[in-house]
Every structure is written in structure tokens, then in C-alpha cells.
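Please read the structure below before turning to the comments.
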Amino acid sequence: MIREYVGKGPLAELVAQTDALQRRRLEEEANTWRAECQHLEDLDRSVEELDEVARVLTRAALLTAGFRQHNRGEWRKRRG
């Protein structure tokens, strides 16, 4: 942090108030940014969990319907 002496009196008080307001605004922006990042991480985690559930359910449905996975690729209907 850099400190700059601006003297005393009304002008100095105005500069100090302006500086304090700017610091508060920057801190609020940083807090907002952190909250948004956390929200996006939570959403990403939820999407990953949903994707995994969908994969498991799809696999179960295909196996139940008589399909098999050929060489870890295409799903094919079992013969016979």
C-alpha cells in the first residue's frame, strides 16, 4: 500500500473520503467476483453430478433393453 501525504484541511479530508470510497468499491467488486466464481463452481459441480447420473441411467437402460457396448464404443443390440 502506498501512502501519500495530501496535507490537512477540507481538501485533504475530501481526498481521504474519495480514497476510502474507492477502496470500499474495489473491495465490494472483489467480493462480488468471488461470490460469482463460487456460484459457477457450484453449478459446474452440479452439472458434473447430473452428467454422471445420466450416464449410469443410460447404460442401465441400454443393458436392460438387450444392448451391449462394442469395444467401449458403439452400443449394439445382442443377437438371438
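The values are calculated or read from the model by the stated rules, or taken from the named source; none is laboratory data. Bear in mind that the values here come from a model prediction, so they are computed numbers and not experimental data. Cβ placement follows ideal geometry from the backbone for every residue including glycine, while neighbour counts extend to all protein chains displayed.
What the table shows:
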{"quantity": "Residue in the stretch 40-58 that is more than 30 Å from K77 (Cβ to Cβ), in contact with a helix residue (DSSP H, G or I) (Cβ under 7 Å, 6 or more places away or on another chain) and among the hydrophobic types (A, V, I, L, M, F, W, C) present", "calculated": "no"}
{"quantity": "Y5, sole failed condition from (1) surrounded by 10 or more Cβ atoms within 10 Å (Cβ to Cβ); (2) of a type in the set (S, T, Y); (3) not in a helix (DSSP H, G or I)", "calculated": "(1)"}
{"quantity": "T18 being at pLDDT below 95 and assigned to a helix (DSSP H, G or I)", "calculated": "yes"}
{"quantity": "Any hit, the stretch 59-75, residues being surrounded by 10 or more Cβ atoms within 10 Å (Cβ to Cβ) and at pLDDT 95 or above", "calculated": "yes"}
